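Here, each number is a calculation from the coordinates, and none is a lab measurement. Just so we're clear, the structure is a prediction, and the values are computed from it rather than from any experiment. Glycine also receives a Cβ, built like all others from the backbone with ideal geometry; neighbour counts cover every protein chain displayed.
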Amino acid sequence: MGSLNPRCDPPSVTGTVSPVLRPPFRGFLAARFVSLLGTSMSSVALALGILDASGKAGDLGIVLAANIGPQLVLLLVGGAIADRFSRRTLLVVANLGSGVTQAGVALLLLTGTFNLFLVSCLALLNGALEAFASPALRGIVPDLVPPTGLQRANSALSLSRNVTRIAGPVLAGAIAAASNGAWAVAADALSFLIAAAFLARLPSATPVTGARGSLLPDIREGWREFRSTPWIWTMASSYFLINLVNVGPWQVLGPTLTKQHSGDAAWGIVLSVRAVGLLAMSLLMYRLVLRRPLRAGAVAAAVGATPLIALGTGASLPVLLVCTFVGAMGFTVAGITWDTTLQQNVPRDMLSRVSSYDDLLSFGSIPLGLLLIGPAANTWGAEPVALIGGVAFVVVALVPLLVRPVRELRAVTPEEVR
């Protein structure tokens with residue numbers, strides 16, 4: 001596939017102003033920042049609120065499963081709908097719906113009338129809305145910026161996401177200390193409504209094809225596009241394996257191993273350093289120009305394995321912190337280059353469907369990895385499993401470089417746009 005798919009009709013490039021400073025994308029960035037900040041606050045407050053209300057960790061697991069389940073089940077349907085109708089309208093509706101569901105959860109927690117069935121139903125609805133919003137979020141960005149501005153746009157989105165991951169839990173903790181943590185869930189509901197207001201002001205640039213009968217042919221068409229493009233399915237398969245060998249060891253074994261070697265406070269320090277690495281690389285990627293983004297992304301993804309290898313070798317805390325910082329930077333490069341490459345090269349009327357297959361494959365391995373990590377650590381030991389996971393991470397991150405389109409696909413240049 002060429003560096004710019006001729007079926008991708010890009011927005012016109014006017015002037016030299018950064019796309020992040022132009023009103024359409026600026027409004028979208030504001031919507032994402034507000035929404036992500038509310039979600040980061042709510043994730044902490046919801047867990048504490050449910051545990052305080054029911055006293056059962058299993059209830060929190062049920063609510064989280066109710067939220068994640070429909071995201072996976074409905075993701076392909078969401079991609080098909082996002083390619084058929086206005087992505088702006090879909091995002092406005094999804095944010096309004098999420099605001100209502102989160103308001104319902106906040107009301108139950110604030111009034112002391114917690115009901116597991118009702119909260120689970122609201123979480124399920126929220127997860128279903130997320131399944132429709134997620135493909136549209138990736139698909140709408142090329143409607144707002146020219147192809148040459150996509151890397152900067154994705155860098156700005158990455159920066160806002162990482163800032164909210166730091167600020168959200170801090171604000172949620174402050175709210176919980178001052179009053180009732182459920183108010184953070186209420187703030188999340190308000191953030192969705194504010195985001196919907198920002199999104200409603202965006203131009204409706206996505207071609208609206210209207211109803212065309214069953215969605216199944218659209219879903220099949222998206223699958224054909226996905227599997228017929230070697231660099232797409234190769235990289236998506238790589239991310240499937242990366243998440244399989246990385247997420248479980250990092251999230252489950254990471255806290256345990258750092259506590260054994262460096263004390264109770266060590267894991268919090270590690271996560272803080274990781275957040276700094278994510279932020280720093282998001283800023284750098286706003287300025288860097290990567291001519292072969294998939295090649296750079298694959299190498300950077302392999303660098304992301306360094307903290308897992310450090311855990312597996314029993315490295316000292318200073319070494320682990322350096323590896324964590326560098327690994328976080330690698331993750332950021334990989335994520336930004338991947339989103340940008342998809343948006344520059346996949347036809348606009350197929351982008352949300354292809355993105356939904358990518359997300360389903362890439363993230364579908366996370367539950368499996370989390371289930372397997374406990375038995376694996378009990379059988380072979382935590383450090384050996386972390387080390388094996390880190391080495392496997394490097395291998396599966398670099399294997400896509402054996403595929404020629406991954407190595408040679410070039411980023412879109414201003415000359416190609418003209």
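Annotations
- Taking 0.36 nm per residue of sequence separation and removing the Cα-Cα distance, the L118/L370 pair yields an extension gain of 88.0 nm.
- By the Stokes-Einstein formula, at 0.692 mPa s and 37 °C, the stretch 19-201 with its Kirkwood radius over alpha-carbon pairs has D equal to 196 µm²/s.
- Cα lying deepest toward the dipole's positive end in the chain, options P24, G254, A186, charges on Cβ: P24
- Residue-wise HN-Hα couplings along the stretch 296-306, as the Karplus relation 6.51 cos²θ - 1.76 cosθ + 1.60 with θ = phi - 60° gives them from phi, are 5, x, 5, 5, 5, 4, 4, 4, x, 7, 4 Hz; Gly and Pro carry x.
- What you get for the chain, charging only the Cβ of Lys and Arg (+1) and of Asp and Glu (-1), is a dipole of about 960 debye around the Cα centre.
- The packing ranking of peptides 368-378, 182-192, 70-80, highest mean first, is 182-192, 70-80, 368-378, where packing means the average number of other beta carbon atoms within 10 angstrom of each residue.
- With neighbours defined as other Cβ atoms within 10 Å of a residue's Cβ, the residues S40, S228 order from fewest to most as S228, S40.
- The chain: calculated mean residue ellipticity at 222 nm from DSSP helix runs of at least 4, using -39500 (n - 2.57): -26000 deg cm²/dmol
- Additional length obtainable on full extension of the chain from A200 to V319, 0.36 nm per residue less Cα span: 38.1 nm
- The stretch 88-180 shape via C-alpha gyration tensor axes, a/c threshold 1.5: oblate
- Hypothetical label at V299: residues of the stretch 337-363 whose amide nitrogen lies under 20 Å (7 Å Cα-Cβ projection): 337-342
- Separation between Cα centres of the stretch 254-304 and the stretch 78-156, rounded to whole Å: 27
- Couplings for the stretch 386-391, taken from phi via the Karplus curve 6.51 cos²θ - 1.76 cosθ + 1.60 with θ = phi - 60°, read 4, 5, 4, x, x, 5 Hz in order; Gly and Pro are left as x.
- By average C-beta atoms within 10 angstrom, highest first, the peptides 288-301, 107-120: 288-301, 107-120
- Shape category assigned to the stretch 222-417 from the gyration tensor of Cα positions, a/c cut at 1.5: prolate
- Residues whose placed amide H lies under 5 Å from that of D349, excluding near-sequence neighbours: none
- Between L74, V326, P293, the Cα set farthest toward the positive side of the dipole of the chain (charges on each charged residue's Cβ, about the Cα centre) is that of P293.
- Under a 5 Å amide H cut-off, with hydrogens placed 1.01 Å from N, R292 pairs with A411 among residues at least 5 apart or on other chains.
- Segment V289-R224, length gained on full extension (0.36 nm per residue, minus Cα span): 20.3 nm
- Phi-based couplings in Hz for the stretch 330-338 (Karplus 6.51, -1.76, 1.60; Gly and Pro marked x): x, 4, 5, 4, 4, x, 5, 5, 5
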